[in-house]
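Novice: I am attaching a structure below and will ask some questions about it afterwards.
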Amino acid sequence: MNITFPGLLTIVFITLKLLGKIDWSWLLVLSPVLVPIVLKLGIIMFGVLIFTLLGKPYKVFLITSIIGLSIIIFCMYKYTQDLQEMLEGEMEKNIRLLEKLIEGEKDDTTKND
């Protein structure tokens, strides 16, 4: 049984969500699996639409390829932006937590003196 990286990442995200370690929406938690599925379905549906409208296979292939790649690039760009914003938020939380821990350690050392 082979598990892909997006599948493993989804399992990790679901585990963290259920344990309450992350406060993300379920859409973001399941996004490593959903993004490729949505992209593939979108490209197939768009190809069928273009084929129906034009009826010329070589033009359909060309147009579908160009637009499909554009959609993939746009979706990946948007996905990485959302992921970056999410990670920045998590980093800020961790920095605040570390600052509190450091302040707590300073308070403990001053009490011992």
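No lab work stands behind these numbers, since they all come straight from the coordinates. These numbers were taken from a predicted model, which means no experiment stands behind them. Here the Cβ is made from the backbone with ideal geometry for all residues, glycine too, and neighbour counts use every protein chain on show.
Novice: Report ³J(HN,Hα) in whole Hz for each residue of the range 66-81, in order, from the Karplus equation J = 6.51 cos²θ - 1.76 cosθ + 1.60 where θ = phi - 60°; Gly and Pro get x.
Specialist: 5, 5, x, 5, 4, 5, 4, 4, 4, 5, 5, 4, 5, 5, 5, 5
Novice: Which of GLU85, GLU90 comes first, and how do the rest follow, when ranked by fewest Cβ neighbours within 10 Å?
Specialist: GLU85, GLU90
Novice: How would you rank MET86, MET45, going from fewest to most other Cβ atoms within 10 Å of each one's own Cβ?
Specialist: MET45, MET86
Novice: Sticking with this structure for a sec: Pull up all non-local amide H partners of LEU30: gap of 5 or more, or a different chain, and H-to-H distance under 5 Å with H placed in the peptide plane.
Specialist: Counting only residues 5 or more places away or on other chains, the set is empty.
Novice: Moving to a separate point now. Please find the FRET efficiency linking LEU98 to LEU19, where r is the Cβ-Cβ separation and R0 is fixed at 22 Å, and quote it to the nearest 0.05.
Specialist: Computed FRET efficiency for LEU98 and LEU19 comes out at 0.60.
Novice: Cα gyration tensor of the range 1-94, axes a ≥ b ≥ c as square roots of the eigenvalues: rounded (a/c below 1.5), prolate (a/b > b/c) or oblate?
Specialist: Verdict is prolate for the range 1-94.
Novice: Figure the gain on full extension for LEU83 and LEU62 (residue separation times 0.36 nm, minus the Cα-Cα span) and round it to one decimal in nm. Don't skip to the answer; put the middle values down first.
Specialist: Working: separation 21, 0.36 × 21 = 7.56 nm, distance 3.14 nm.
Extra length from LEU83 to LEU62 when fully extended: 4.4 nm.
Novice: Okay, moving on. What ³J(HN,Hα) values, in whole Hz, does the Karplus curve 6.51 cos²θ - 1.76 cosθ + 1.60 give for the range 21-38 when θ = phi - 60°, with x put for Gly and Pro?
Specialist: Once rounded to whole Hz, the list reads 7, 10, 10, 9, 6, 5, 4, 6, 5, 8, 4, x, 8, 6, 4, x, 5, 5.
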